[in-house]
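Written out below as structure tokens is the structure these notes cover.
The values are calculated or read from the model by the stated rules, or taken from the named source; none is laboratory data. If you're wondering where the values come from, they're calculated on a predicted model, not measured in any experiment. Neighbour counts are summed over all protein chains in view; Cβ atoms, including those assigned to glycine, are modelled from backbone coordinates with ideal geometry. These area figures cover heavy atoms from the full protein model, side chains too; ligands, DNA and RNA do not enter into them. Shrake-Rupley method; radii C 1.70, N 1.55, O 1.52, S 1.80 Å.
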Amino acid sequence: MSTGIDPTKLRLGLTTKLLGKHIIFFQSVDSTNQYLKRLAEHGVEEGTVVLAETQKKGRGRLNRKWSSPEGGLYFSVLLKPQMQPKDATKLTLVFGLAVAEVLREDFSLPAELKWPNDVLIKGRKICGILVEASMVNNDLRFIVAGIGVNVNLIPTLTFSEAIKDSATSIQNEIGSEVSIEDFFRRVLEKMEFEYNLMLNGKETQVLARWRSLASFLGNSIDFSFCGKRIHGVALDISSQGELAVQLRNGNIVHFAFGEIANLDTLSVEKQKTPSQPRA
Ligand code: BT5
């Protein structure tokens, strides 16, 4: 099977109503998020997707690099929800959940979530989400949600020394290539399903499912925040999608951004009771 993407197959049987209304395909682009943000400034319709076979300047958070060789799925979707800018951060969780659910349902992979934007298989990163919001005077104008998934590639052969051991792919896990077009449609449909639940007041349900796939909750973590590193216990995520961390002195701090620095505390096999939702 070729790893190339056939753009004519991307819409084949797609059941979404909003996401993927228009799909713009590139063999290569700088970054699908960057490209879609430029289109959004020119008034392109909500639901538009930009998808590329490779990205020359794929981006992660804080301007980090997202390695985007052929064999991955790289796309961004434009959304214009009626929500407070602070609520937009929850979309990172919602879309990470969507990818994890498809990996579980379609490939029986033990996909897990790491706050805020990683999907992991046995501690290795298979997907990253980059949600970017455009605001004017504290009003949300639009959201560009970017999804990168390693599909048909072998990390040890494809990626740099820096990430080859901390990354994985669908092919790496199941031992064969899969159709990127089919996988894309499944992810898009699941994203729309979860997004609609969230918009329709069912976010408690969505966040509960997110928690059930987040085995790091309840564990000791090192947490990086504004150049500082703190140690604590990852207690829960709040209804705002923030991470609640209990410090050594017993205080509980809520983080809207930052990241969990150590991956080794994440155990896929660990059985734990999901934490209770917070009000
Ligand atoms: C992310 O950032 O994980 C968000 C990645 C979002 C990528 C999508 S692709 C479509 C759209 N267009 C874009 O330009 N971006 C979005 P962050 O949490 O900052 O993680 C970045 C870190 O992940 C890097 O510093 C590496 O350590 C690691 N990394 C980079 N590429 C990777 C890959 N392909 N697989 C696994 N890990 C990777």
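Summary table
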read-out: Checklist (1) within 10 Å of the ligand (Cβ to nearest atom); (2) under 20 Å from ASN117 (Cβ atoms) applied to LEU79, failing item; value: (1)
read-out: Flag if SER224 is assigned to a strand (DSSP E or B) and either hydroxyl-bearing (Ser, Thr, Tyr) or in the same structural domain as THR16 (by TED's automatic domain parsing) (or both); value: yes
read-out: Residue check, GLY175 loosely packed, with under 14 Cβ neighbours inside 10 Å and modelled with pLDDT under 95; value: no
read-out: Which numbered condition SER67 fails, given (1) surrounded by fewer than 17 Cβ atoms within 10 Å (Cβ to Cβ); (2) closer than 17 Å to GLY128 by Cβ; (3) touching a helix residue (DSSP H, G or I) at 6+ places or on another chain (Cβ under 7 Å); value: (1)
read-out: Selection from the stretch 134-172 of residues that are more than 25 Å from GLU101 (Cβ to Cβ), open to solvent by less than 70 Å² (accessible area, probe 1.4 Å) and small (Gly, Ala, Ser); value: SER134, SER160
read-out: Single residue of VAL94, VAL136, VAL178 found to be free of Cβ contacts under 8 Å to residues at least 24 places away in the same chain and more than 14 Å from the ligand (Cβ to nearest atom); value: VAL136
read-out: Unmet criterion (only one of (1) small (Gly, Ala, Ser); (2) assigned to a strand (DSSP E or B); (3) within 22 Å of ASN219 (Cβ to Cβ)) for GLY96; value: (2)
read-out: Test: residue in the stretch 156-172 that is outside the structural domain of VAL253 (by TED's automatic domain parsing) and among the aromatic types (Phe, Trp, Tyr); value: yes
read-out: Subset tally (residues that are touching a Phe, Trp or Tyr at 6+ places or on another chain (Cβ under 8 Å) and in a loop (DSSP other than H, G, I, E, B)) for the stretch 227-242; value: 1
read-out: Total residues in the stretch 91-111, condition open to solvent by 10 Å² or more (accessible area, probe 1.4 Å) and either within 19 Å of LEU18 (Cα to Cα) or of a type in the set (D, E, K, R) (or both); value: 5
read-out: The stretch 27-49 residues that are over 22 Å from ILE180 (Cβ atoms), paired with ones that are among the aromatic types (Phe, Trp, Tyr) (beta carbon under 6 Å, 6 or more apart); value: ALA40/PHE142
read-out: Yes/no for VAL144 being in contact (Cβ under 8 Å) with a residue 12 or more places away in the chain and under 18 Å from ASP106 (Cβ atoms); value: no
read-out: Residue match in the stretch 112-126 (condition: more than 11 Å from the ligand (Cβ to nearest atom), surrounded by fewer than 22 Cβ atoms within 10 Å (Cβ to Cβ) and under 21 Å from LEU18 (Cα atoms)); value: no
read-out: When residues of the stretch 179-214 are limited to those that are open to solvent by 10 Å² or more (accessible area, probe 1.4 Å) and of a type in the set (Gly, Ala, Ser), the one nearest to THR48 (Cα to Cα); value: SER179
read-out: Filtered residue count, the stretch 23-76, keeping only those that are hydrophobic (A, V, I, L, M, F, W, C), part of a strand (DSSP E or B) and either within 6 Å of the ligand (Cβ to nearest atom) or closer than 28 Å to LEU157 by Cβ (or both); value: 8
